[in-house]
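Inspection log for the structure reproduced underneath, given as structure tokens.
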Amino acid sequence: MVCAKCQKLLKKTELATPNVKKKNEMYFGSPAGSAKSASKGSATLGNTGVGKSKLLSKSAKNPYAAYSSTCGGCTTKVDSGKKFCQRCAFKQNACAMCGGPAKELICKSCREHLSRRKYSAAAAAVAETPEPVSSIPPSTQASGPKQAYQLRAGVVLSRPPQLTRDLTPFEKAFFLYQRRLNERLALPFTRYFYFKKDTPADLEWKRKMKTRMTPARDIGVYNAYGKEGWNDEVLVGAKESETEEQIEALLKDVEAVSVGGAEGEAAKQESAIDRPMPRTTEADNLGDHKSLDRLLQRTLYLLVKNKEGRWTFPHDRIAGRENLHQTAERIIVQAGGVNMNTWVVGNAPIGHYNYDFQKTIVDLEKGVEELGERVFFMKARIMAGQANLETNKFGDIDFKWLAKEEVEESVTPRYWSAVRNMLAER
């Protein structure tokens, strides 16, 4: 509370060096010297004020003494030469600055002025009106069980891809075009550099060149140095860019042929050739979802079917002082057996899922009403082995190894919306 008379004093400022009003007084003559000595302009260090603090002279006033005054009603420290603190000024209905009577609190203009002051003590000038004490007793809630969720840990156990993905039709055509272009730009040695003339190897070279018109074995029938050498692009519907056709061309090229007989007739003796393993396995043809030998170019995830008939990732409640990593390792052993070589990746979960019970479960011993379960998923990898539910301790009745789109078809829509961002596309 400040009166109108004291409000005018707030607009004034004080110099840090009292009795110094002009610039020449700051540089010539000390505050204790006379005006005549200042007018002479002597340059001696004892007569001038250069290098001498004005606050240390006898006639100078301490400009910071105003910040150490005390309240007239109590011993509280006040700032800016006030006579009362805000509490005493409110009790006595007096001005905090001069102690005179005041009828109103600080006006709006004074509040804006005090808020612009640069020292932190200005915030104490704004009075806070005491809140009226309410006679209404606080409302008390009825004592009951505390509501909470079950904390569970889930395991997203996956088998990484074993093969590279299939090429797209554009990639197949592009790579074949690159090989044909390289055949055109290459400068190969003459065949006599590799084969002696009129030897069986030279005769076999001539036979293959007559068939495919190029030394390359996987670019189809193409002559890079003929009249049609410029036409090296793959035509629409051509099979030269297909992987199966290129494999058959390579296998046909390695057939062993020996030349014999008096008449020099070529007698072909085909030896057994080890063919490469196919990209599709027997489990793919049979549709065996429990086998890890299917979809070798995709990531497979382990899903279990609980006793309620729902497909989910293996999960269980966190026991005692276990952390998520320890719980995930325990779940893998208790759900899939000990015949799996697995690795739990990291200590932080990759996602979570909330499930609300249709009817809450009340635990009277712990005083907790369980509203549902909150599952935090940990990422894990399987390197070897297979799942076995004979020793399963969670009551699971079936399991599958599924790709991402197959997981979507097996789980509920709400469960899928929570776990889909945790699964890899391939």
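The values are calculated or read from the model by the stated rules, or taken from the named source; none is laboratory data. Because the structure is predicted, anything quoted here is derived from the model rather than measured. Heavy atoms of the whole protein, side chains included, go into the accessibility calculation; ligands, DNA and RNA do not. Shrake-Rupley method; radii C 1.70, N 1.55, O 1.52, S 1.80 Å.
With every protein chain left in place, what is the accessible area of Ser241 in Å² (1.4 Å probe, nearest 10)?
10
Quick one: accessible surface of Tyr177, probe radius 1.4 Å, all protein chains present, in square angstrom to the nearest 10.
Its accessible surface works out to 70 Å², give or take rounding.
Using amide H atoms built in the peptide plane, which far-off residues or other-chain residues are under 5 Å from Gln297 H to H?
Answer set, sorted by chain and number: Gln162, Leu163.
Give me the extension gain from Thr76 to Ala348: residue separation times 0.36 nm, minus the current Cα-Cα distance, reported in nm with one decimal. Mind showing how you got there, number by number?
Details: separation 272, 0.36 × 272 = 97.92 nm, distance 5.36 nm.
Value of the extension gain: 92.6 nm.
For Val362, which sequence-distant residues (separation of 5 or more, or a different chain) have an amide H within less than 5 Å of its own amide H, given hydrogens modelled in the peptide plane?
For Val362, the qualifying residues are Glu370.
Given the pairs Lys172/Lys239; Lys172/Lys400; Lys146/Lys359; Lys206/Lys239, which are separated by over 22 angstrom at their Cα positions?
Values: Lys172/Lys239 10 Å; Lys172/Lys400 33 Å; Lys146/Lys359 15 Å; Lys206/Lys239 25 Å.
In this structure, Lys172/Lys400; Lys206/Lys239 lie more than 22 Å apart at Cα.
For the range 161-176, in order, what is each residue's ³J(HN,Hα) by Karplus, 6.51 cos²θ - 1.76 cosθ + 1.60 with θ = phi - 60°, in whole Hz (x at glycine and Pro)?
Calculated HN-Hα couplings, in order: x, 9, 10, 6, 6, 6, 6, 6, x, 5, 5, 4, 5, 5, 5, 5 Hz.
Got a sec? What order do Val375, Val338 fall in by accessible area at 1.4 Å, biggest, i.e. largest, first?
Working: Val375 5, Val338 120 Å².
The ranking, largest first, comes out as Val338, Val375.
Determine how large the accessible area of Arg420 is when every protein chain is in place; take a 1.4 Å probe and give Å² rounded to the nearest 10.
110
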